[in-house]
Amino acid sequence: MRKQKGIDMKNLLTAFVSLTVPLISFAAPGWSVTPIQDRPMTMPGTLFRSVDPQERFRPADAYPASLNVFLIRDESGGRCALIDAGYGRADSRLLPELARLGVKPEDISAVFITHIHPDHVGGLTTPDGTTAFPAAKVCIARKEYEAWRRDPARAGLARHLEPVGKNLVLLDYDAPVAPYGLVPLCFPGHTQGHTVFRMRLETGQGAENIHFVGDIVHAAELQIPRPEFCARFDMDMDTAVKSRRELLNGAAVWYGAHLPFPGIVRIERK
């Protein structure tokens, strides 16, 4: 098995394959993070290629995946926020799952968008085009938002962003967002302004940083041990590989949009 410097790939894969967590995980006093599966997914192996022209490894036919949204809830004050908004299609599970958890759409005070793609912003509106979370601030990194506005290939996503325009908040990287304790970090490649959100929580191993990693990987079983593989969705593959390697070396706990549900993995290093 190929080994990246600084990372024990054998331990990493074992952690990924064997990981099982309850629905509500890693709670700090007063806060909880709850994974919600917007829809099940698999990723075909033909979606991926390596940036290394000498690569001989061939991906499997398919990889387990998911489309995950994460609910951040202040248990003491009742404040709720989401990391990403899912697809928003008629078969999306986000709104029914929120209802099952006792969370109404109007209870959501903020939605933090990792990047502007349909499976992350589609759920900002309902299938009939109305705003899904009427009281929510929609928080997007300034660089990502401005890059989206210049991108004709993504212009159609305005139908999800224009209805929430009055609630739009543009974020600067590395500046904490109160009161949620989230820090937006720039990890580009998948899109120009692809954003990872860091949050410090009390976990089973003490206080540590967790990272909501968006689309840093699409097929974890492939791309965590072989980060040089990219999905064809990545706009700048070389930069995406650089971001993925940096996050592998620097972030232990990932909450990922496309990690197999419940969407959490711990990266172990030597």
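The values are calculated or read from the model by the stated rules, or taken from the named source; none is laboratory data. The shown structure was predicted, so the numbers you read here are calculated from the model rather than taken from an experiment. Backbone-built Cβ (ideal geometry, glycine too); neighbour counts: all protein chains shown.
Taking the condition among the acidic types (Asp, Glu), more than 18 Å from Gly263 (Cα to Cα) and modelled with pLDDT of 95 or more, does Glu162 pass?
Against the criterion (among the acidic types (Asp, Glu), more than 18 Å from Gly263 (Cα to Cα) and modelled with pLDDT of 95 or more), Glu162 qualifies.
Confirm whether Arg232 is out of contact with any Asp or Glu (no Cβ under 7 Å at 6 or more places or on another chain), touching a residue at least 60 places away in the same chain (Cβ under 8 Å) and surrounded by fewer than 17 Cβ atoms within 10 Å (Cβ to Cβ).
Yes, satisfied.
On the basis of being modelled with pLDDT of 95 or more and within 16 Å of the chain's Cα centre (by Cα), does Ala252 make the cut?
No; evaluated as a whole, the condition is false for this residue.
One line per residue, one yes/no per condition, for (1) touching a Cys at 6+ places or on another chain (Cβ under 7 Å); (2) more than 14 Å from Ser50 (Cβ to Cβ); (3) not in a strand (DSSP E or B):
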site	(1), (2), (3)
Tyr173	yes, yes, yes
Pro179	no, yes, yes
His190	no, yes, yes
Arg198	no, yes, no
Leu201	no, yes, no
Asn209	no, yes, no
Met235	no, yes, yes
Val241	yes, no, yes
Glu246	no, yes, yes
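Spot the failing condition for Leu23; the list is (1) under 24 Å from Val196 (Cα atoms); (2) aliphatic (A, V, I, L, M); (3) at pLDDT 95 or above; (4) in a loop (DSSP other than H, G, I, E, B), and only one is missed.
The single condition Leu23 does not satisfy is (3).
Would you mind finding the one in Arg100, Arg79, Arg93 that is basic (Lys, Arg), over 23 Å from Lys242 (Cα atoms) and at pLDDT below 95?
Arg79
To keep it simple, each residue is scored yes or no on (1) closer than 17 Å to Phe212 by Cα; (2) at pLDDT 95 or above; (3) among the basic types (Lys, Arg); (4) outside any strand (DSSP E or B).
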position: Val121; (1), (2), (3), (4): yes, yes, no, yes
position: Phe133; (1), (2), (3), (4): no, yes, no, yes
position: Ile140; (1), (2), (3), (4): yes, yes, no, no
position: Lys143; (1), (2), (3), (4): no, yes, yes, yes
position: Ala153; (1), (2), (3), (4): no, yes, no, yes
position: Leu157; (1), (2), (3), (4): no, yes, no, yes
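Tell me, yes or no, whether segment 221-230 has at least one residue that is outside any loop (DSSP other than H, G, I, E, B), in contact with a strand residue (DSSP E or B) (Cβ under 7 Å, 6 or more places away or on another chain) and among the polar types (S, T, N, Q).
yes
Only one of Asp119, Asp52, Asp74 is touching a residue at least 40 places away in the same chain (Cβ under 8 Å) and surrounded by 19 or more Cβ atoms within 10 Å (Cβ to Cβ); which?
Asp119
Only residues that are β-branched (Val, Ile, Thr) and surrounded by 24 or more Cβ atoms within 10 Å (Cβ to Cβ): list them for segment 204-223, please.
Within segment 204-223, Val213, Ile216, Val217 meet the criteria.
Which pairs have Cβ atoms under 8 Å, sit 6 or more apart or on different chains, and link a residue in segment 151-170 that is touching a residue at least 12 places away in the same chain (Cβ under 8 Å) to one that is in a helix (DSSP H, G or I) and charged (D, E, K, R)?
Every condition considered, the pairs that remain are Leu170/Arg142.
Let's see how each residue does on (1) in contact with a Leu (Cβ under 8 Å, 6 or more places away or on another chain); (2) surrounded by fewer than 17 Cβ atoms within 10 Å (Cβ to Cβ):
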site	(1), (2)
Arg79	no, no
Phe112	yes, no
His115	no, no
Val138	yes, no
Ala141	yes, no
Pro152	no, yes
Ala155	no, yes
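Output the number of residues of segment 49-99 satisfying the condition of being over 27 Å from Ile140 (Cα atoms) and either in a loop (DSSP other than H, G, I, E, B) or not polar (S, T, N, Q) (or both).
Residues in segment 49-99 being over 27 Å from Ile140 (Cα atoms) and either in a loop (DSSP other than H, G, I, E, B) or not polar (S, T, N, Q) (or both): 15 in total.
Within segment 239-247, does at least one residue satisfy the condition of being hydrophobic (A, V, I, L, M, F, W, C), under 22 Å from Leu71 (Cβ atoms) and within 14 Å of the chain's Cα centre (by Cα)?
No, every residue in segment 239-247 fails to be hydrophobic (A, V, I, L, M, F, W, C), under 22 Å from Leu71 (Cβ atoms) and within 14 Å of the chain's Cα centre (by Cα).
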